[in-house]
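Below: one structure, written as C-alpha cells.
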Amino acid sequence: MTVTHQPEPVAGILRGMAGDADVRGELVHAARTHSPDVARLGEAETRRHVTAIVAAAGPWLGTFDRVEGQDFAAALLLGTDRAEQGVPMTSVLRGVQAALTRTVEITVDRSRSAGVPDGALLSAVLRLKEYGDAVERSVINGYRAAERDAPPAPDGIRARLLRRLLVGGAPPAADDLAPAGLARGGVHHCLVSDVRDGAHARLLADRIAALRGIAARIEGRQVGLLPRMPSGGELGPAGAAGLVVLSPAVPLDRLRPVYRLCVRALDAGGRRGRLGVRELTDFAGEIATGEQPLLGSFLAARLLGRLDRSDAFHRQLALTALAFLEHGRRLDQTSAALFTHPNTVRYRLGRLQQITGEPPVDGASGPLATLHWWWALTTWLGPDRVPPFAGDGPRG
C-alpha cells in the first residue's frame, strides 16, 4: 500500500537526523550490534552507507512521489559492496533492518517532542515503512547483481558447486561433481571457517586443496569439503587467525543440514572467542541449548535469581563457576585458567552457594544438574562473557 500526504515537519526532522553525528552513530551501532558479520567491517564503512540511506529518506518523505520512482542508488551500492566483501545476505539484511528500526524509533521520539500531531506522525511512520521495504529490496537487488556478474573463474565455479551442495538449488549432476573430485556415493567432512585475513584464508584453501578437498567462500565464510579428517597441523596456522569447524563425514545428500550446524557452531564459538581447529561435536551443548532460549532464561531465574547482573562481584562469581564446570570441576585447572589461587576459586564457589542457596558444583551433582547449571550460567552471563579479573582477594 502506498501512503501519500502533504509535506510535514517529519521530513525536516529526518533531514536533521541525517546530519546529526550522534544519530548516525546510533544507527551504525544498531546495525553492527545485530549483525556480527557487519561489525567485523570498519565502522566508517557502515557509517558511509547509513548516512547516504537516511539522507535520502528526508527529501522523499516530504513529496507526493511514489516509492517506485525514487533513486535507491545508495541501497544498491550497499548490497553490491557487501556481496563483494563476502558478507552473508542474511547478515546484511539483519544490519539494515536494525538500522531502519532504530531510524523509526528516533523519528517518533523527535516528532513527538516537536509536537507533531499523531495523525501526521502515523502517516510518516507508514511512509517510512514503505521506504524501508524499498531499501531492503534494493539491497537485495544490488547483492544479487554483484553475485551474478562475478566472472566464472575457477574460484567462482567451485563456489557455485559448493553453494548448490550446501545452501540451495538443484543438486549438481555427476558430471559436475567429477571434475571437483567428488563422487555421488562418497562421504566428506564439511569445513566452515571465519578466517578473514586474506593471507590466512588463501593458505587454508591451499591446505584443503592439498588434502584433495575443494574450498571457496560461501556466504562470506571460508567453506570446504574434505575426503578425510585432517590431523595435527595439516590445515596450517589458519586456526591462529580464526575458528575452523569440521563435521563428521557424511554423504553429499546430507551436507546441507550439516553445513547449517557448522555455521551455528561457528557463531557459538565466535561469541566465546574460540580459535583453532575444532570438531562440530565440540559445540553440541551450545547448539542444542541455543534452540531453547526461553527455557534457559527460566533456569537462570530459578538457579541464579538472587544474583544481580549490575554487581561486578556477582558476575565474577558466575564466571568462576562457569570456568569450574568447563574445566571438569578441577580446582587446579580452573585456577590456572583464571590466573588465581585455588583457594580463591574455592572461596568464590562458596560465596555463590551462600547467595543462591544451592550448591552449583558439588561432587554429588549428576550430569543433568551440571548441564542445568552450565546452561543457567551461560544464559545469565549472556553472549559477551569475559574472564573474571584475577588476583583479587575475598570479598564479604
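The values are calculated or read from the model by the stated rules, or taken from the named source; none is laboratory data. Predicted, not measured: the structure shown is a model, and the values here were computed from it. When we count neighbours, we look across all protein chains shown, and the Cβ atoms used for this are built from the backbone with ideal geometry, even at glycine. The protein model used for the area step is the full one, side chains on, heavy atoms only, and it has no ligands, DNA or RNA in it. Shrake-Rupley method; radii C 1.70, N 1.55, O 1.52, S 1.80 Å.
Considering every alpha-carbon pair of the stretch 232-350, the percent of pairs per 5 Å bin, from zero through the bin containing the longest distance, is 2, 10, 14, 15, 18, 17, 11, 7, 4, 2, 0.
Across the stretch 208-301, Cα pairs under 8 Å and at least six residues apart give a relative contact order of 23 percent.
The Stokes-Einstein estimate for the stretch 139-288, based on a Kirkwood radius over Cα pairs and taken at 10 °C with 1.306 mPa s viscosity, is a diffusion coefficient of 102 µm²/s.
Mean projected area of the convex hull spanned by the Cα atoms of the stretch 96-193, taken over all viewing directions: 9.7 nm². If you take the alpha carbon atoms of the stretch 295-376 and fit the smallest convex hull around them, that volume is 84 Å³ per residue. Would you work out which of Pro251, Leu235, Ala216 lies farthest towards the positive end of the dipole of the stretch 183-278? Charges go on Cβ: Lys and Arg +1, Asp and Glu -1. Positive-most Cα among the choices belongs to Pro251.
Rounded to the nearest Hz, the phi-derived 3J(HN,Hα) couplings of the stretch 269-281 under the Karplus curve 6.51 cos²θ - 1.76 cosθ + 1.60 (θ = phi - 60°) are x, x, 5, 8, x, 6, 10, x, 8, 10, 8, 3, 5, where x marks glycine and proline.
Calculate I(q)/I(0) for the stretch 204-289 by the Debye formula, one identical point scatterer on each C-alpha and no solvent, and give its log10 at q = 0.11, 0.14, 0.20 Å⁻¹ to two decimals. Once normalised to I(0) and log-transformed, intensities are -0.27, -0.45, -0.97.
The heavy atoms of Ser247 present about 0 square angstrom of accessible area, all protein chains included, probe 1.4 Å.
Remark: C-alpha extents of the stretch 160-232 on the principal axes read 33, 26, 16 Å, sorted largest to smallest.
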